[in-house]
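Just so it is clear, none of the values below were taken in a lab; they were calculated from the coordinates. Keep in mind that what you see is a predicted model, and the values were worked out from it rather than measured.
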Amino acid sequence: MRMWTSGTKSLACCLALLAIAGCAGNSKATSESQAGISGPEWRLESYGPLDSATSVPDAIEITILVNDSREVSGSSGCNTYRGSCTVNGQSIRFASISSTKRACPDPPEVMKLERQFLTALAEITRYEINDNVLTLFAREGRGLVFRRGNS
């Protein structure tokens, strides 16, 4: 029977720790994204060019909910919508989005913002989650920034 020397034990322990650290990953955003897009409702906070995003007025509530079956639903400000999404790593594509067709006069900007939001969903290609913030990215630096509904 071969005995381990203290040098061999130390080397084995170091290699085991390195292997565990490597499996843990190095990106908080990636691990949160893989585990976190499904579940609680997200509320839209801002939209447009991400470097100069426009805040959503407090009186307008736009939400998104993705369930484990990758079905999407929420409020688009005035109406409700539903559809599906395909997720592959950090890539996401929304499809078959349909909404109810009510007209809402108040607040005045709600219908315009609703149209912009539903159009933007079709342009989303990637997502990232950091803490309680979900960012959906489109081309040309545009996107949608959400916060978890109960945060």
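Here the Karplus curve 6.51 cos²θ - 1.76 cosθ + 1.60, taken at θ = phi - 60°, turns the phi angles of the range 43-52 into couplings of 10, 5, 9, 8, 8, x, x, 5, 7, 8 Hz, with x standing for Gly and Pro.
Under 5 Å from the amide H of I62 lie the amide H atoms of L44, each residue being 5 or more positions distant or on a separate chain, with H modelled from the backbone and absent for Pro and chain starts.
Annotation: amide H of G143 within the under-5 Å range of G48, L50, A138, sequence separation 5 or more or interchain, hydrogens built in the peptide plane.
Measuring how big the range 41-105 is from its alpha-carbon positions, Rg and Dmax come out at 13.1, 40 Å. Taken over the range 28-148, the percentage of Cα pairs per 10 Å bin, counting from 0 up to the bin with the maximum distance, is 14, 50, 32, 5, 0.
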